[in-house]
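Step one of this worksheet: look at the structure below.
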C-alpha cells in the first residue's frame, strides 16, 4: 500500500523531471547551434548539476557561468545547423507519436504520421521543441493515477499560475537579510547569479528554472 508520503514524493519527482526537461529546452532556445540530442541533454544536466552541487533544473544563467569558468566545455557539445536540427526534431516527434497514443484511442497510423510530417515541414525549431514538450507532458500525465491528476488540477485552480506547479515570481521582492524592496528584473537576477549563487539557486528551485529564465530574458 502506498503511503501519503510516498505518493507526494512520486508527484514531486514527476514534477521535478518535467521541470528539468523544460530547463533543457530553454538552454536549446538560447544556444541555437546546440544539437537537441541525448548526448547534449546529458551534458547540460551534468554541467548544471555539478555547478550547483546538486541535481537542479538547468538554467541558461547557470550554464553560462559554468561555461565561462571552463570554456573548453563548449567543445564537448554537438553542434548542428538549424535546418538539420529541425529535421532531427521532426523525426523525434514522429517516433514519440508512433510509440505512444498521446491520449488518443489507438496509435498513430502510417497515414497519420505522414500527415503530421507534412504539417510540421514549415514549423520553426521552437514550434517543434514545444510540440515535443507537449507530447512528453501528456505521456508523463498518462503515468499518473486519477487521484494524482485531481491533485494537480486542484493546485492549479487555487491560484492562476503562469508556470504549473510553481508560484508566480513577484515583480518586487525583499532579499533575505534586507529591509528594502528591489525590483526582481533581469538585471537583478543576472547579478544575483554572480554575487550570491546560493540565493539564486534557491529562487530557481522555488519559482522554476523556466520562470527565472523568462524573467531574465524579459518575457515575464
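The values are calculated or read from the model by the stated rules, or taken from the named source; none is laboratory data. Note that the structure is a prediction, hence the values are computed from the model and not measured. All Cβ positions, glycine included, derive from the backbone under ideal geometry; neighbour counts span all protein chains shown.
Key figures
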| quantity | calculated |
| --- | --- |
| Filter result for residue 58 (closer than 27 Å to residue 120 by Cα and not in a helix (DSSP H, G or I)) | no |
| Every residue from the stretch 28-50 that is part of a helix (DSSP H, G or I) and modelled with pLDDT under 90 | 28, 29, 30 |
| Flag if residue 12 is assigned to a loop (DSSP other than H, G, I, E, B), farther than 23 Å from residue 195 by Cα and either in the same structural domain as residue 193 (by TED's automatic domain parsing) or within 18 Å of the chain's Cα centre (by Cα) (or both) | no |
| All helices (runs of 4 or more DSSP H) inside the stretch 163-220 with 1 or more residues being at pLDDT 80 or above and either surrounded by fewer than 15 Cβ atoms within 10 Å (Cβ to Cβ) or touching a strand residue (DSSP E or B) at 6+ places or on another chain (Cβ under 9 Å) (or both) | 186-195, 197-207 |
| Residue list for the stretch 109-146, filter: at pLDDT below 80 and either assigned to a loop (DSSP other than H, G, I, E, B) or touching a helix residue (DSSP H, G or I) at 6+ places or on another chain (Cβ under 8 Å) (or both) | 133, 136, 137, 139, 140, 141, 143, 144, 145 |
| Which numbered condition residue 72 fails, given (1) assigned to a helix (DSSP H, G or I); (2) closer than 28 Å to residue 124 by Cα | (2) |
| Checking residue 23 against (1) free of Cβ contacts under 8 Å to residues at least 12 places away in the same chain; (2) within 17 Å of residue 200 (Cβ to Cβ), the condition it does not meet | (1) |
| Residue that is under 19 Å from residue 130 (Cα atoms), surrounded by fewer than 17 Cβ atoms within 10 Å (Cβ to Cβ) and in contact with a helix residue (DSSP H, G or I) (Cβ under 7 Å, 6 or more places away or on another chain), where the choices are 78, 29, 57, 95 | 29 |
